[in-house]
There are 2 protein chains.
Amino acid sequence: MAVMARPARISQTKLAKDLGVSQALVSLVLNGRREGINADTYKRIWDHAISLGYQPKGMRMERSPREARMRQVGVVLRSGLNIHTQGSYFNHVLHGLHSALAERGYATLFLGSEDDLKPNRLRQLFHTGHGIQGLVLFGEVRGAFLQQLKRIEPRVVAVSARHTGRCHSVLGNEPQALETLVQHLAKLGHTRIGWLGGNVGLGRHEARYQAYQAALQAAGLTDDKRYAVFLKQGDRAEGTEAMLQLLPLRTRKDFPTAFLTYNLHMSIGAVQALLRSGLNVPGDVSVAAADYSPLAQQEQPRITAAGCEAEKLGQAAARLVLTATGEADESFHDVILPSQLYVGESTGPAR
Amino acid sequence: MAVMARPARISQTKLAKDLGVSQALVSLVLNGRREGINADTYKRIWDHAISLGYQPKGMRMERSPREARMRQVGVVLRSGLNIHTQGSYFNHVLHGLHSALAERGYATLFLGSEDDLKPNRLRQLFHTGHGIQGLVLFGEVRGAFLQQLKRIEPRVVAVSARHTGRCHSVLGNEPQALETLVQHLAKLGHTRIGWLGGNVGLGRHEARYQAYQAALQAAGLTDDKRYAVFLKQGDRAEGTEAMLQLLPLRTRKDFPTAFLTYNLHMSIGAVQALLRSGLNVPGDVSVAAADYSPLAQQEQPRITAAGCEAEKLGQAAARLVLTATGEADESFHDVILPSQLYVGESTGPAR
DNA sequence: CAGTTTGGCTAATAATTATTAAATGCCAAG
DNA sequence: CTTGGCATTTAATAATTATTAGCCAAACTG
């Protein structure tokens with residue numbers, strides 16, 4: 001990581017001495033002269049200059065007026081996520097982030113996912129002269145990876161994940177969302193509410209599941225583990241699969257009359273499974289999702305959902321990353337945005 | 001656009017003379033020294049240095065070895081498009097683009113849409129030291145805007161749009177897609193096929209509509225304008241609206257037994273409208289889309305669609321932008337990727 | 001009014017970098 | 001072994017940039 005550290009400034013004269021060549025040759029090489037210069041020597045000089053972070057005298061770009069400076073904020077996706085999976089949730093976050101950054105004169109630099117960002121790749125991305133002034137993480141990343149990123153760029157904000165004491169974060173109010181949903185269903189007369197979980201193993205799932213359990217307790221309802229399913233991806237197909245796993249138990253007298261799903265996509269998949277099995281939504285079973293995006297209103301039936309608007313998460317992340325100082329003694333902020341209930345057509349009175 | 005031109009190199013001594021100050025002061029300012037310097041003078045010096053494209057001697061970054069250089073490709077969206085509209089189509093393009101760029105050591109810089117990119121903003125984004133080495137346009141932009149972009153960065157590729165003679169482009173084979181769909185429906189016995197159009201006014205709609213008309217003719221089928229609708233957005237809601245506009249005509253003996261829609265989202269909306277009206281898809285009416293994304297397989301019913309895979313468009317765009325030279329005499333390439341038919345559950349035998 | 005302080009800038013000189021004619025090393029041919 | 005040619009590098013000097021003590025004018029204070 002030599003290129004990341006910025007020690008005392010080094011001169012061409014020093015470079016030349018290190019390499020056993022003349023300063024004149026160093027100057028020629030760093031200005032791109034190839035003619036009459038041995039290719040190996042050329043490469044050796046460039047490599048050494050870059051590895052020692054050589055910068056010429058004359059101007060400190062990082063001290064130029066703000067409005068003249070290229071400014072970018074990098075976006076990093078958690079492992080297993082890419083720009084088109086999980087449909088539109090993180091796309092909405094990205095839109096909110098981008099809009100808020102653009103208003104402040106920043107561009108959004110898409111860096112890829114945790115899986116892609118090996119040390120060589122990071123070195124290249126954060127090459128001398130880069131304009132990256134903060135990082136926004138979509139979802140939860142491994143602790144070691146986060147440490148690595150912070151060494152390079154200490155101004156980090158996580159969205160929909162919490163790395164307590166390690167970086168800033170922005171989340172929706174999960175307990176509020178689950179509580180609101182449970183109350184909505186209780187008001188409709190539901191006394192047995194099942195759970196369809198996805199992204200199991202991520203903190204986000206844990207948080208939502210615990211909030212579901214707490215909301216059941218607060219409403220005086222039973223938390224029956226026989227009607228909870230836990231899957232890995234949290235996509236539509238798993239919503240369908242989770243529902244299909246439970247449907248054989250439907251003849252039981254205590255089968256749930258409603259299900260809450262980890263996210264909107266699982267709700268969509270669960271609804272599809274129910275309809276395909278000849279059941280009525282919400283007539284026979286109600287389904288609701290523990291997050292919200294505009295897709296909820298576009299589906300058929302419209303899906304009842306509670307959560308924070310994804311765009312607002314992105315906007316809040318932009319504000320936070322741009323006020324972050326990256327100092328060692330900086331206080332970390334967790335911003336918890338309020339959740340709201342959207343009542344669609346997927347929930348109705350209990351049978 | 002003075003910052004874009006790169007004339008003869010200018011020295012601090014020349015800057016000082018222009019401004020009527022000493023070279024010493026210029027050096028201090030450009031290295032960020034504020035103490036003992038008047039704020040107006042500080043700004044005046046920086047502004048002049050930047051406007052003349054001052055760069056210190058010592059190193060020509062643009063001549064550094066390729067692998068050591070920060071390299072980015074900028075993504076620009078057509079007017080009215082943002083990262084979360086039109087669901088996943090351009091997200092899949094972006095994913096394909098990003099993956100192919102990352103393999104070659106490039107990062108993807110999200111620049112926003114045509115509406116956002118005013119001259120001041122462009123100047124900032126393309127500030128001295130930027131690493132942008134090409135631009136990819138998603139969708140069709142205005143001609144004047146394209147000219148403006150090319151002045152800044154001549155290596156431009158348009159995706160799903162063709163600016164003939166102005167830049168490179170990557171498109172799916174629209175005639176092939178429409179032909180395939182019409183043939184598929186003809187084989188199922190359909191003799192009357194309607195059209196639901198979106199993004200009317202964009203070249204993309206025109207191309208698809210014309211290809212639809214040509215395919216009807218080639219199949220010896222009638223192109224009946226009474227059963228064609230033309231709307232502006234091309235989203236789900238307009239798919240629904242277009243279908244609902246035509247449904248009152250359903251009692252006619254020559255009402256179409258199938259519809260082709262401009263894109264997948266309109267198909268989804270049209271199917272929703274039919275189901276909501278008590279009709280059967282594909283029993284009563286078949287619906288198919290003139291583009292393809294994996295969403296076609298996730299819907300209920302799965303939607304029959306033909307088109308090029310969006311990710312492949314992105315990958316082809318990456319290859320093209322990285323081989324572009326930006327020279328004034330460069331030949332422009334239009335790359336037309338083959339379309340494929342995905343048969344879902346939304347098409348079946350004609351009634 | 002005179003002396004002191006402060007803010008802003010510069011002349012002078014040192015350090016860094018650029019340029020070019022000349023030097024050096026290597027290899028092949030005689 | 002010597003010589004010539006070519007490829008590569010450098011010594012010397014010019015140009016550019018950095019640093020700092022000093023300069024000057026305006027404002028303040030007694």
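The values are calculated or read from the model by the stated rules, or taken from the named source; none is laboratory data. The structure displayed is predicted, hence computed values, not measured ones. Note that we place each Cβ from the backbone using ideal geometry, even for glycine, and neighbour counts take in every protein chain shown. Heavy atoms of the whole protein, side chains included, go into the accessibility calculation; ligands, DNA and RNA do not. Shrake-Rupley method; radii C 1.70, N 1.55, O 1.52, S 1.80 Å.
Quick notes on this structure:
- Between the listed residues A:LEU244, B:GLY131, A:LEU117, the Cα displaced farthest toward the positive end of the dipole of the protein assembly as shown, a dipole computed from Cβ unit charges relative to the Cα centre, is found at B:GLY131.
- Between B:ASN38 and B:ARG226, the distance separating the two model label sites (each 7 Å from Cα on the Cα→Cβ line) works out to 8.1 nm.
- Candidates A:GLU179, A:GLU103, A:GLU238: whichever shows maximal mean-square fluctuation once chain A is modelled as a Gaussian network with Cα springs under 10 Å: A:GLU103
- Computed lengthening from A:ARG351 to A:SER331, 0.36 nm per intervening residue step minus Cα-Cα distance: 2.1 nm
- Under conditions of 20 °C and 1.002 mPa s, region B:174-309 yields 150 µm² s⁻¹ as its translational diffusion coefficient, taking Rh as the Kirkwood radius over Cα pairs in the Stokes-Einstein equation.
- Extension gain for B:ALA218 to B:ASP115 (0.36 nm times residue separation, less C-alpha to C-alpha distance): 33.1 nm.
- Max mean-square fluctuation residue, GNM over chain A, Cα-Cα springs under 10 Å, options A:GLY189, A:GLY307, A:GLY134: A:GLY189
- Chains A and B together bury some 5000 Å² of accessible area, summed over both sides, with a 1.4 Å probe.
- Checking the Cα-Cα distances for B:LYS17/B:LYS118; A:LYS187/A:LYS253; B:LYS150/B:LYS312 against a 29 Å cut-off, the pairs over it are B:LYS17/B:LYS118.
- GNM flexibility winner over chain B from B:ARG192, B:ARG104, B:ARG226 (Cα, springs under 10 Å): B:ARG226
- Residue-normalised convex hull volume from the C-alpha trace of region A:88-197: 143 Å³ per residue.
- Model label sites at A:GLU62 and A:LEU188, defined 7 Å from Cα along the beta-carbon direction, differ in position by 5.5 nm.
- Built from the Cα atoms of the protein assembly as shown, the convex hull projects on average onto 34.8 nm², one quarter of its surface area.
- Whole-Hz Karplus values for region A:50-59 come out as 5, 5, 8, x, 4, 9, x, 6, x, 6 Hz, taken residue by residue from phi with 6.51 cos²θ - 1.76 cosθ + 1.60 and θ = phi - 60°; glycine and proline positions read x.
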